[in-house]
Amino acid sequence: MMKTFLQLSLSAIAFSLFFMACKPASQGDENTTISQPDTRVENNFENFTIFRGTNIAHWLSQSSRRGEERQAFFTRRDVAQIDTLGFDHIRLPIDEEQMWDEEGNRNDDAFELLGDYLDWCKEFGLRTIIDLHILRSHHFNADEKPLWTDPAEQDKFIGLWKDLSGFLKPWPNGMVAYEFMNEPVADDPEEWNQLIARVVDSIRQWEPDRILVIGSNRWQSANTFDQLKVPAGDKNIILSFHFYEPFHLTHVRASWTHLKDFEGEVNYPGQIVPGGTEQAHQRVYNRDTLAHMMRKPLHLADSLGLPLFCGEFGVIEKAPREPLLAWYKDMVSIFEEHNVAYANWNYKAGSFETVDENNIPDDDLVKILTGKK
């Protein structure tokens, strides 16, 4: 099995991007070296190196926990366990309403937790992507999104990143990357492209060498990657997509979806709903189908010479066990084949979890996600 790393190498002047792989470097390929995915990375964070990661959902994002309850939900022990399980990075979603009040002032308790988290990651040699997940002006499933209609909201958004950059800047470029917006949903993809250009230009004034993670419009879908415009000439960028196909499997009986009352059988690989009469039920999914659905981000990353990252993918725990594990195996094998770094959704928090409420890992799933099986 080919095992690869996504590596962003930091020098005193700038980053150069390269992959580490178990296969020999091709002739003339100076950016490829030979390594093993599980090689321990020194804690000096000279390089920003990610391959296998996980998301920390419902801690500083999409959660009503506050005070001691929030503090106890995710701790140094969790970071130690993530490291022990074999993950090399964490994607951390944070929400505006948790981190700042409505006037844009920091909520000190939330920033203290963020600082503690970064110290834990540094201690255990884990890289992290800080993902500004939900804004007051933009929720990916909301009908009204003032971010796209009110210029003042875009100014505020950039101001939040200026403040966040001021807090995060002391941590090394080789340790912390910024995903300045999660799952944008603009009616016109050009609205997102224009905001990308403006935010990147702003952040580059404060941090010219920080790694930025940029996804496509409409929930970072693989299918919209041909509409994405990436700032030219900036090699300190990772392209990111999310993948939850087929939805009938990944979100079966999810309470917040149209499948909440679905009572039929779901399957993978093969016909997604065996015996189903609706067109969506009759579609056949397998490894080739999934890889074909990722062709647009794979093509854009290759054409621009930029690394590619699947920042979210997963199957809800309500799905049948064998199809769930088969899907994860196919997904990880596609990522390995195409040198795509990834972070599953998510580590813990109820739905899509990798460990339960008592921090007991799902061993079969962990083995797949960390390349041990």
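No value in this document is a laboratory result; all are computed from the given coordinates. From a predicted model like this one, the values you see are computed outputs, not experimental measurements. Neighbour counts run over all protein chains shown; Cβ positions are idealised from the backbone, glycine included.
Given the options 49, 354, 289, which has the most mean-square fluctuation in a GNM of the chain, springs set between C-alpha atoms less than 10 angstrom apart?
With Cα springs under 10 Å in the chain, the top fluctuation among 49, 354, 289 is at 289.
How big is the Cα convex hull of segment 41-85 in projection, averaged over all directions, in nm²?
4.2
Normalized C-alpha radius of gyration of segment 261-370, against 2.2 N^0.38 Å? Working shown, then result.
Numbers: Rg = 15.4 Å, N = 110, 2.2 N^0.38 = 13.1 Å.
That ratio works out to 1.17.
What does the net charge come to around residue 115 if you take all other residues with beta carbon closer than 12 Å to its beta carbon, with K and R at +1 and D and E at -1?
On the way: positive: 106, 122; negative: 108, 109, 112, 116, 119.
Neighbour charge sum, excluding residue 115 itself: -3.
Taking only Cα atoms and a 10 Å spring cutoff, compute GNM fluctuations for the chain and point out the largest among 74, 51, 309.
Of 74, 51, 309, the most mobile in the Gaussian network model is 74.
Using DSSP, restrict attention to beta bridges with both residues in segment 4-369 and report what percent are antiparallel, rounded to the nearest 5.
Counting only bridges with both partners in segment 4-369, antiparallel ones make up about 35 percent.
Across the chain, how large is the tail of the calculated P(r) beyond 27 Å, expressed as a percent of all Cα pairs?
It works out to 47 percent of all Cα pairs.
Suppose only helical runs count, i.e. DSSP H with n ≥ 4. What mean residue ellipticity at 222 nm does that imply for the chain under -39500 (n - 2.57) per run, divided by all residues and rounded to the nearest 500 deg cm²/dmol? Each step should come with its number before you reach the end.
Details: 13 runs with 127 residues, N = 373.
Calculated at 222 nm, the ellipticity per residue is -10000 deg cm²/dmol.
Aspartates and glutamates near residue 329 by alpha-carbon distance under 19 Å, same-chain residues fewer than 8 away left out - which ones?
The qualifying aspartates and glutamates are 38, 88, 245, 288, 312, 317, 337, 353, 362, 363, 364.
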